[in-house]
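What follows is a set of notes on a single structure, which appears directly below.
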Amino acid sequence: MAPARPAPVPLPWGSILPLPQGCPGGSVPFRAMQCSLYDNKPVLGTPARYRWVPFHGAPNVCDLNCLAVGHNFYYTFGRVLDGTRCGPGSPDLCISGRCLSVGCDGILGSGTRPDACGQCGGGHDTCLFVHRLFQGVDPSSGYFGYMNVTKIPAGATHIKVTDKSRNYLALMTSDGRYVLNGDWSIAWPGPYEAAGTRLRYARAPDGTESLEAAGPTNEDLHVMVLLQEPNPGIEYEFWLPRRHPEPGRGDASPLRQPQPRGAGSPPPQEPPVTPAPAPPPQPGGSATEPLPRSPPGRSGAGAAAGRCGRCHPAKGRSQRIWHFCQSDFVFQGRILARRLLGQETRYEVEVKMPYRHRFPLVAREYVWVPNTCGCPPLQEGGEYLLMARRHVNYERTLNRILLQDDGYARPWTPREDRLVREAARHCPQPRPP
């Protein structure tokens, strides 16, 4: 004899229900639990005993249709209990044998749905739609490699990125961890998890790529491109709640992105480049900052001619406080690599401990020094306390971290950590942008 089941209690239209929640990991789904009540019980008027699991191919989704394990038939044990989902992954619920929708406001039959940016019952006027085409040129150093496309802020929904070329889309989280196509290694198409949402990465035989995610994301995502050929254009779009500031177009092509190292195929060798001429002065001041002039005989032309003099590192408490207050970036970093490019030196740095930053700082950065003399002296593998400025050129095609040759760069020690924290008390902390 089948076990007794509680009689369903009809709920009036418009009842307020608790929003459906996912079951804890390892728990038995509600419909499966109802089928299991009939395990090893006599049914069909025979002494045969069966074990039952949900069957989802029957016409009425609100009947308790259960499949006999190991057999090719199912049996209907009446209706499911009220509150059972109509199907796997469905937000709708069975009430008195009918599949009814529950609005995102928890009201049965209200029909209220989230808007494009995830706000329950909101209209599109509460959302900001971002739709752009990135047509950035190749990096100014002339090599093919990684280049930033845009930052997708936390809270974004309905994300879609499309690239129609032989280049490869890449994706990095806010902590500098690659999700897709990082470190010169190409990932398989398919689903991926990142920033609290599921991503779908697709790549067609002709090279066309797409990256889609429903969102909302719980952290910033950085879209990049691994260049193999000139960029014909990368289209991207997403929705944001109106409270988010619209991403600036200046964020679309910074050249500060760290170059991946030590995995997959090595990047091509980078030819030396000649720095751009100094920008003309701008009336009334400007947010852009020209390269600082170096004393003759230590850098610039003197460095190219091999006439490097002694380095003059910043020393003393007053210099430490002055540099700390004037710098856009103060952090503990480990030097990963050093490369001479034209009359400048570029260091790849792992950011280990940020103390101060007026602008975003990721786990790996390039730090540029406007000379090739080794001033300040930074050794590969060493850890240093660095105080640097942001440099954006007149054309706004460069956005990088610049460490002046007479800037503050000291080997990191616990004592240096204590001293820099003391210096922080003498100037206001910057507000993140």
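As a length-normalised measure over Cα pairs under 8 Å and 6 or more apart, the relative contact order of segment 301-424 settles at 30 percent.
With a sphere of radius 15 Å drawn around the Cβ of PRO411, what net charge do the other residues whose Cβ falls strictly inside it have (Lys, Arg +1; Asp, Glu -1)? Result for the local shell: +3.
Name the aspartates and glutamates eligible as straight-distance cross-link partners of LYS315: C-alpha to C-alpha under 14 Å, and not fewer than 8 places from it in the same chain. Once the sequence-local aspartates and glutamates are set aside, what remains near LYS315 is ASP405, ASP406, GLU416. The relative contact order of segment 68-108, computed from alpha carbon pairs under 8 Å that lie at least 6 residues apart in sequence, is 25 percent. The charge dipole of segment 301-424, taken about its Cα centre with unit charges on the Cβ atoms of Lys, Arg (+1), Asp and Glu (-1) only, comes to about 240 debye. Across segment 126-251, C-alpha contacts under 8 Å between residues 6 or more apart give a mean separation that, scaled by the residue count, equals a relative contact order of 45 percent.
Peptides 180-192, 327-339 ranked from most to least packed by the mean count of surrounding Cβ atoms within 10 Å: 327-339, 180-192. If you model segment 126-251 as an ellipsoid using its alpha carbon gyration tensor, with each semi-axis the square root of five times an eigenvalue, the axes come out at 22, 17, 13 Å, biggest first. Below 12 angstrom from the Cβ of ALA194, what's the summed charge of the other residues (Lys, Arg +1; Asp, Glu -1)? Here the charged neighbours net out to -1. The lysines within cross-link reach of LYS164, meaning a Cα-to-Cα straight distance under 24 Å and a gap of 8 or more places when in the same chain, are LYS151.
Laboratory data are not the source of any read-out in this text; all were calculated from the coordinates shown. Given the structure is predicted, the values throughout are model-derived calculations rather than measurements. As a convention, Cβ positions derive from the backbone with ideal geometry for all residues, glycine included, and neighbour counts pool all protein chains shown.
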